[in-house]
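Take a look at the structure below.
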Amino acid sequence: MAKVTMPQLGESVAEGTIGRWLKKPGDRVEKYEPLVEVITDKVNAEVPSPFAGTLTAILAEEGATVPNEAPIAEIETADGADAPEVSAAPAAGGAAPSEAPAAAPSDLPAAAPGAAAPSAIPAAPLVAVGDPEARMTPAVRRLLREHGLTAEQVRGTGGGGRITREDVLAVVEAIRTGAAPAVPAPAASAPAPAPLPAPLPALGRRAPAAPAGTAVVFPPGTDEVLVPLTRMRTGIAAQMTRALQVPHAYVHVEVDATNLVRLRESLRRDYQAGEGLSLSFVPFVVKAAVEALKRNPTFNATWTEQGLTAKRRINMGVAVAVDDGLIVPVIRDVDQLSINGINRAIAEVAARARAKKLRLDDFGGGTFTVDNTGWFGSNLTMPIINVPEVAILTMEAITKRPVVVETPQGDVIAIRPVMNMVIGIDHRANDGAQAGFFLRDVKAWLEGVGPDTAVY
């Protein structure tokens with residue numbers, strides 16, 4: 001009998017709560033098929049089964065909070081032999097197992113764990129009429145709503161014609177690439193999906209409205225009320241307390257964003273028409289940070305008591321504000337992406353974060369974090385490092401300021417768009433001089449963009 005254990009859904013996450021079992025005892029379950037929904041302070045995630053077989057016992061009921069690696073279910077495998085205890089998902093920072101070979105890096109973020117490779121998509125029409133009452137998990141129903149699809153538009157390949165997550169994603173990808181036409185939904189179709197957000201407002205425009213936050217109601221006759229902590233706020237409190245044990249130091253630099261603003265404005269309209277989303281300033285900053293990390297590898301690292309662990313892969317954390325807190329999903333191998341690829345990856349992960357539909361591989365394994373505090377108009381921020389990383393970079397609002405500009409005729413005062421940038425460092429790992437060199441490289445890259453800067 002094989003035991004399934006609670007996975008670790010993030011480097012600082014020690015336990016998870018069973019939200020919903022997607023299978024019941026006696027059900028057949030395939031390897032990597034969604035088995036259970038797990039809730040943590042960081043994410044609500046649908047986790048896959050590590051085995052194929054029959055679910056014989058549920059050891060943790062819905063609503064139970066279970067520590068990492070504790071048994072949560074038993075599965076009788078096909079050969080009937082005992083198997084070692086295996087987590088229902090990879091450890092933090094790992095990729096979900098896949099029987100398909102790894103795809104080459106592209107401009108798009110990786111597909112969901114276990115998603116079928118393009119070659120594995122059935123040759124029959126990708127958008128086909130299926131049984132609208134086919135058995136689906138809640139996560140698949142949410143995915144259909146997210147992309148404005150109905151069950152009639154997707155042919156299920158699961159047992160008994162069940163529509164799986166991979167079936168929906170295959171249809172979405174086929175429509176996106178033009179491999180199959182979009183099938184018009186019937187009159188009572190699901191609403192169209194919300195457009196991907198623009199991570200940063202255009203220069204000179206009003207910033208987005210503040211998140212709703214937690215409502216506070218004072219009953220008549222009371223002077224104070226207790227606002228209970230959500231799971232997310234509890235997790236943030238624990239992580240921030242842990243992070244502030246690290247000796248922080250800060251270095252600030254001003255970036256002349258004239259060329260950056262000019263390039264973005266020249267591309268913005270055609271880019272949005274072609275890609276279907278706004279071109280933000282954020283991917284340019286991420287690209288500049290990537291190039292600086294290549295030249296300053298001690299910032300692409302994590303701290304251990306044995307020393308600094310420098311990382312070859314650049315997995316970029318991107319801070320995303322949500323209604324009830326802040327989360328930092330990770331874009332993996334960001335150095336393999338173009339500016340367009342980074343922009344699309346950030347927009348997609350931000351949309352998933354705000355819709356509470358993040359995937360398991362959106363967490364863990366980050367090596368450096370960029371925080372776009374400027375989206376709400378800030379000009380100077382002292383960020384807290386996302387430990388065990390050793391640095392975090394903030395980009396502030398781009399504002400027009402009078403600056404001294406050197407010309408052949410002498411110094412003149414000009415109005416230029418300027419962006420402050422701040423790097424917070426773990427002073428155990430790097431010093432102010434190294435932070436200055438890092439920011440110098442970021443500044444040089446951003447100020448050096450021009451008409452020849454490749455976006456694709």
Tally the residues that are surrounded by fewer than 21 Cβ atoms within 10 Å (Cβ to Cβ), modelled with pLDDT of 65 or more, farther than 26 Å from Ala52 by Cα and over 26 Å from the mean Cα position of the chain (by Cα), restricting the search to segment 152-180.
-> 1
Within segment 381-411, the residues that are more than 12 Å from Gly424 (Cβ to Cβ) and either assigned to a loop (DSSP other than H, G, I, E, B) or not assigned by TED's automatic domain parsing to the domain that holds Leu260 (or both) are Pro388, Pro408, Gln409
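Residues checked against (1) over 17 Å from the mean Cα position of the chain (by Cα); (2) in contact (Cβ under 8 Å) with a residue 24 or more places away in the chain:
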{"residue": "Val334", "(1), (2)": "no, yes"}
{"residue": "Arg352", "(1), (2)": "no, no"}
{"residue": "Asp362", "(1), (2)": "no, yes"}
{"residue": "Phe368", "(1), (2)": "no, yes"}
{"residue": "Asn372", "(1), (2)": "no, yes"}
{"residue": "Thr381", "(1), (2)": "yes, yes"}
{"residue": "Ile413", "(1), (2)": "yes, no"}
Candidate set from segment 218-232 (those that are closer than 24 Å to Lys356 by Cβ and among the hydrophobic types (A, V, I, L, M, F, W, C)); member that is surrounded by the most Cβ atoms within 10 Å (Cβ to Cβ) = Met232
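Does Phe363 satisfy being surrounded by 22 or more Cβ atoms within 10 Å (Cβ to Cβ) and at pLDDT 90 or above?
no
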Count of segment 319-336 residues which are assigned to a strand (DSSP E or B) and farther than 12 Å from Arg354 by Cα = 2
Of the residues in segment 252-300, how many are small (Gly, Ala, Ser), under 25 Å from Ile331 (Cα atoms) and either part of a helix (DSSP H, G or I) or not assigned by TED's automatic domain parsing to the domain that holds Val370 (or both)?
-> 5
Using the structure shown, decide if Ala292 is closer than 26 Å to Ala397 by Cα, touching a His at 6+ places or on another chain (Cβ under 7 Å) and touching a residue at least 60 places away in the same chain (Cβ under 8 Å).
-> no
Residue in segment 301-313 that is in a loop (DSSP other than H, G, I, E, B), in the same structural domain as Leu360 (by TED's automatic domain parsing), surrounded by 16 or more Cβ atoms within 10 Å (Cβ to Cβ) and not basic (Lys, Arg) present | no
Within segment 21-39, of all residues that are in contact (Cβ under 8 Å) with a residue 60 or more places away in the chain and within 17 Å of Ala70 (Cα to Cα), the one surrounded by the fewest Cβ atoms within 10 Å (Cβ to Cβ) is Ile39
Considering residues of segment 429-456 that are part of a loop (DSSP other than H, G, I, E, B) and over 28 Å from the mean Cα position of the chain (by Cα) only, the residue farthest from Val286 (Cα to Cα) = Asp431
Picking from Gly317, Gly377, Gly341, which residue would you name as being in contact (Cβ under 8 Å) with a residue 60 or more places away in the chain, surrounded by fewer than 20 Cβ atoms within 10 Å (Cβ to Cβ) and either within 30 Å of Ala454 (Cβ to Cβ) or not aromatic (Phe, Trp, Tyr) (or both)?
-> Gly377
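When only residues in segment 6-16 that are in a loop (DSSP other than H, G, I, E, B) and touching a strand residue (DSSP E or B) at 6+ places or on another chain (Cβ under 8 Å) count, which is modelled with the lowest pLDDT?
The residue in question is Leu9.
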Filtering segment 17-72 down to residues that are among the acidic types (Asp, Glu) and assigned to a loop (DSSP other than H, G, I, E, B), which residue is farthest from the chain's Cα centre (by Cα)?
-> Asp27
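The values are calculated or read from the model by the stated rules, or taken from the named source; none is laboratory data. Owing to the predicted nature of the structure, the values given are computational and were not obtained by experimental measurement. Note that each Cβ is placed from the backbone with ideal geometry, even for glycine, and that neighbours are counted across all protein chains shown.
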